[in-house]
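Here's the structure we're looking at; comments come further down.
The values are calculated or read from the model by the stated rules, or taken from the named source; none is laboratory data. Not measured: the values here are computed from a predicted model. Every residue, glycine among them, receives a Cβ derived from its backbone with ideal geometry; neighbour counts consider all protein chains shown.
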Amino acid sequence: MTQPLAPTSDLLKLLYGGPLEIVPWRDFLSALVDTIGCENAAITLQLSRKGLAPMVIWGKPTPVHGEMARDIGDRHAAIGHLDPLRNALQRSGDIVLLEEVASREALEESEFYRIVMQPYGIEQALGMYVSEPGGLECNIGLVSGGEGLRFTDAHKAFMAELRPHFEQALALFSRIYRDESELEVLTDALDRLTIGTFIIDGRGRMVRANGAARRMIDRGDTFRLVEGRLTLSGRTDAIRFREMVDHALSVRMGDGDSDFVKAFRCADHDADGLGILVRAIRREKLTPSDIGPAVVVYATEAGQSGSFERLIATLFDLSPSEANLAALLSQGMTLAEAARETGLTESTVRTYSKKIFAKVGVGRQAELVRLILRSVAMLG
């Protein structure tokens, strides 16, 4: 009697490790092909946006690659709505055989079959649709050629056992991807402001640095890495910096709800004029205090951050004229005073101010002042 198919612990280990791979889930897909005995398996990520080429990850090498694969991907984006398997997979968790939704004759006559499936040698397929609460969607598919493995209800049952594990793995991938993307946007903004940003974990070791920070380390005249720890040049500044970082770490370890923010300007010769801000990162009560980001260090060199208006423009995506007006309003000027200062009419200034409020996300001048001054004080 044939043993029923069932996900092995090794396969599940690869599934949960997939979000950490450079090419997500490639090892899992390769192992899935070997387990099932089909010709290939693929994950197609993000299916909801019409005209956007999906990210397709294959477990084994395909007969199509390079420029031809990119061309098929572009055409796939344009005619993805003709995919009979995708159209049949409506709800998260649905599992469908291609032969259940398209006859052989109808399939071979379809544009999707000629443009997307045929070049890859796909004649048989099984698809499963999965989504996660954040909105990321994907299909995971098993495929074979005309003479390859024929998919049956046993394979559908196998995928049904795999489904809850894949849903969790997809949620993990979505969380990691979003967090990494948001962090990249933030560190890039700080990099454009030439603000060095260093992230230190609970053990006191640097775990991340943006471009401006890495350039400071590479120069070696201000910051250095010693056994993974961030240090400052100059005896007095180095001691002061170390004390501030240690204090921030102790605050985080002792009480995750407490705030710690300290700043100083370096006085030693090598780092003269360097502005340093050290801030403890709040942690959740149930998370260990020594793993993950614990302290963030911002560093700005004298004269490198640019004008107050430039900081405001970059931080809040304002035009130069909007940033100039925002700077005047943040200094306490009324609309009439700002109009006289800029040589504009009060009506024009009022229109500009409404645009600024909308972009920044505030409703009143007092809120704008607080937000700008707090942000620039932290970063500039």
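Which one of Val349, Val297 is more than 30 Å from Phe241 (Cα to Cα), of a type in the set (Val, Ile, Thr) and either modelled with pLDDT of 75 or more or touching a helix residue (DSSP H, G or I) at 6+ places or on another chain (Cβ under 8 Å) (or both)?
Just one listed residue meets the conditions, Val349.
Inspect the range 25-32 for any residue being surrounded by fewer than 18 Cβ atoms within 10 Å (Cβ to Cβ), in the same structural domain as Leu162 (by TED's automatic domain parsing), in a loop (DSSP other than H, G, I, E, B) and out of contact with any Ser or Thr (no Cβ under 6 Å at 6 or more places or on another chain) and give the result as yes or no. Steps first, answer last, please.
Going through the range 25-32, the residues surrounded by fewer than 18 Cβ atoms within 10 Å (Cβ to Cβ) turn out to be 26-27, 30.
After this cut, where a residue has to be in the same structural domain as Leu162 (by TED's automatic domain parsing) as well, the list is 26-27, 30.
So of that shortlist, the ones also in a loop (DSSP other than H, G, I, E, B) come out as none.
Scanning the range 25-32 turns up no residue that is surrounded by fewer than 18 Cβ atoms within 10 Å (Cβ to Cβ), in the same structural domain as Leu162 (by TED's automatic domain parsing), in a loop (DSSP other than H, G, I, E, B) and out of contact with any Ser or Thr (no Cβ under 6 Å at 6 or more places or on another chain).
Would a scan of the range 343-356 turn up a residue that is under 12 Å from Glu322 (Cβ atoms), surrounded by fewer than 16 Cβ atoms within 10 Å (Cβ to Cβ), within 33 Å of the chain's Cα centre (by Cα) and of a type in the set (Gly, Ala, Ser)?
Checked against the condition, which is being under 12 Å from Glu322 (Cβ atoms), surrounded by fewer than 16 Cβ atoms within 10 Å (Cβ to Cβ), within 33 Å of the chain's Cα centre (by Cα) and of a type in the set (Gly, Ala, Ser), the range 343-356 yields no hits at all.
Looking at this structure, is Asp201 closer than 18 Å to Gly275 by Cβ and modelled with pLDDT of 75 or more?
On the way: closer than 18 Å to Gly275 by Cβ: no; modelled with pLDDT of 75 or more: yes.
Spelling it out, it is not the case that Asp201 is closer than 18 Å to Gly275 by Cβ and modelled with pLDDT of 75 or more.
For Ser174, are the conditions met, namely being surrounded by fewer than 19 Cβ atoms within 10 Å (Cβ to Cβ) and in the same structural domain as Glu39 (by TED's automatic domain parsing)?
So Ser174 fails the test.
Considering (1) touching a residue at least 24 places away in the same chain (Cβ under 8 Å); (2) in a helix (DSSP H, G or I), say which one Leu107 fails and leave the rest.
(1)
Tell me the residue from Glu123, Glu109 that is out of contact with any strand residue (DSSP E or B) (no Cβ under 6 Å at 6 or more places or on another chain), buried (at least 19 other Cβ atoms within 10 Å of the Cβ) and not basic (Lys, Arg), please. Spell out the reasoning first.
Working: Glu109 fails: buried (at least 19 other Cβ atoms within 10 Å of the Cβ).
One residue alone meets the criteria, Glu123.
Which of the residues spanning the range 113-148 are in contact with a Pro (Cβ under 7 Å, 6 or more places away or on another chain) and in a helix (DSSP H, G or I)? Before you say what the answer is, go through the steps one by one.
Pass one, the range 113-148, residues in contact with a Pro (Cβ under 7 Å, 6 or more places away or on another chain): 120-121.
Result: Tyr120, single match.
For Ile239, indicate whether it is among the β-branched types (Val, Ile, Thr), modelled with pLDDT of 80 or more and more than 29 Å from the chain's Cα centre (by Cα). Let's see the steps before the verdict.
Working: among the β-branched types (Val, Ile, Thr): yes; modelled with pLDDT of 80 or more: yes; more than 29 Å from the chain's Cα centre (by Cα): yes.
Judged against the criteria, Ile239 is a match.
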